[in-house]
Structures are given as structure tokens and as C-alpha cells.
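Right, one structure below, let's go through it.
The values are calculated or read from the model by the stated rules, or taken from the named source; none is laboratory data. Computed from a predicted structure; not experimentally measured. We place every Cβ from the backbone using ideal geometry, glycine too, and count neighbours over all the protein chains shown.
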Amino acid sequence: MTSNMRMRLRLTGARGGLALGLAALALCSCNALPAHHDAPPPQRSESPSDDRDIAAAMLMADIFQTMQRLAQSPPAEQAEILATAREAYQHTPQGGAQLRYALLLATPGHPGRNPQLAQQLLRDLVAEPEMLVPIERAVALVELSQLNRELELQASNERVQVDATRLDQEHSVTAQRRLQAEIDENAALRKALDAAQAKLDAIATIERNLAERKPSNAPAPEVHQP
């Protein structure tokens, strides 16, 4: 298992644990019983906001279970889970459907993961807080914060890699230019040496010719008659 896969699994567990905690807290707050033993049985609230909070908590719990299944399923089932969420979002591009699709896109461990699109969907949701109940807003904000940090770190790493590649290329170009300059300089020196050697050879040839002509120009010895 690579370090990236281990990090993704830890992210999945951390996100799922935090979100499940939020859902459990919402359920507990909606269904808490009085502490006094002599108190009458609690009456079920008929408030629409309470019903919506309970429904949202149950929805979030279902989403977290789907996220866990998405991270652990085979590729075919992962594609099916993501396609179902995408179709639901396209049919109702807002609220819980959009939040579910964004959270599944942000879940590590599957080929369809798209943190950039998940970030944009969550930003749109956070920009319209009236579309979500408190627990949904809390989960959206937490996941958006994690995605922001992840994508910022990824962008920073990419910049470092680009800078390193650029520096390597610059060093390579500089080295090539230096090598070519040395080659050109050696060629010029070789050419100058060849020219100097040619001059020396010419001077040596002239001197040898002069030395060979000197005996032929000397006067002939006198012959004495008896």
C-alpha cells in the first residue's frame, strides 16, 4: 500500500468519524430525554424544524455509510454509487442531493474522485446557507475546509515540482552552453596550433632549402699545373 493510499484511507476515516459524530450529536439533541425520573414522558415535537433536523441527521448518517462503502467497494460498484449520486444531483441540483454528491466526490479511494468539483459544489452550498439545516452546513464547512487545505497543499507541491523542473532545465541548458563554449574554444585553439605548426613547417622547409643551396654556390678549388 502506497503512502498516498494510506493517507487517503486516514482522510476517509477522519472525515467519516467527524461527520458521524455530528450526526449522532444532532440525533441526540433532537431526541434527548429529561433527566428527572418523575417527569412525565416527553411529548414528541411536532415542529417542522425539529422534523427537518431529524431527517437531515438521518440523511447525513446514510451519506457517511455510503462514503465508507464507496471507499471500500470494487470499482464497478464505486462507479454505480457515484453515478446514482450524480443523477440525483442533476435531477435536484441543490440541498441534500448536492451535498451527497459533493461528499462522495471528495471521498478518497475511488477512481471517480474529483476534489476540485467537490470544492466548487460545497462552496455553492455554503454561499446559500438557507438551503441547509445546521448539521448539513457544519459538515459542508468541515469538508470544504479539508478540501481547501488539500488542494492548497497539492498546488504548493506542484509549484515546487515545476520550479525544480525549471531549475533542472536551466542547469542543463547552462551546462550545455558551457560545454559547447569549451568545445568551440578547443576547436579554435586546435586551429591556431595547426596554423602555427604550418608556419613552423614552412620556415623549416625554407631553412633546409637554403642549407642545401649553399655548397653549390661555393667557388671551385684551383688546380695547379706542374
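Annotations
- Put simply, of Gln98, Gln72 the only residue that is closer than 24 Å to Ile135 by Cα and polar (S, T, N, Q) is Gln98.
- Qualifying residue in segment 82-96 (condition: in contact with a Gly (Cβ under 7 Å, 6 or more places away or on another chain) and at pLDDT 85 or above): yes
Okay, residues lined up against (1) modelled with pLDDT of 95 or more; (2) within 20 Å of Tyr101 (Cα to Cα); (3) within 38 Å of the chain's Cα centre (by Cα):
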{"site": "Cys30", "(1), (2), (3)": "no, no, no"}
{"site": "Leu33", "(1), (2), (3)": "no, no, no"}
{"site": "Met58", "(1), (2), (3)": "no, yes, yes"}
{"site": "Phe64", "(1), (2), (3)": "no, yes, yes"}
{"site": "Leu70", "(1), (2), (3)": "no, yes, yes"}
{"site": "Glu80", "(1), (2), (3)": "yes, yes, yes"}
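- Residue among Ala97, Ala85, Ala138, Ala127 that alone is free of Cβ contacts under 8 Å to residues at least 40 places away in the same chain, more than 16 Å from the chain's Cα centre (by Cα) and closer than 15 Å to Ala56 by Cβ: Ala97
- Taken together, the residues in segment 103-122 that are over 17 Å from Ala61 (Cβ atoms) and assigned to a helix (DSSP H, G or I) amount to 10.
- Residue in segment 175-198 that is of a type in the set (A, V, I, L, M, F, W, C), closer than 17 Å to Asn114 by Cα and surrounded by 10 or more Cβ atoms within 10 Å (Cβ to Cβ) present: no
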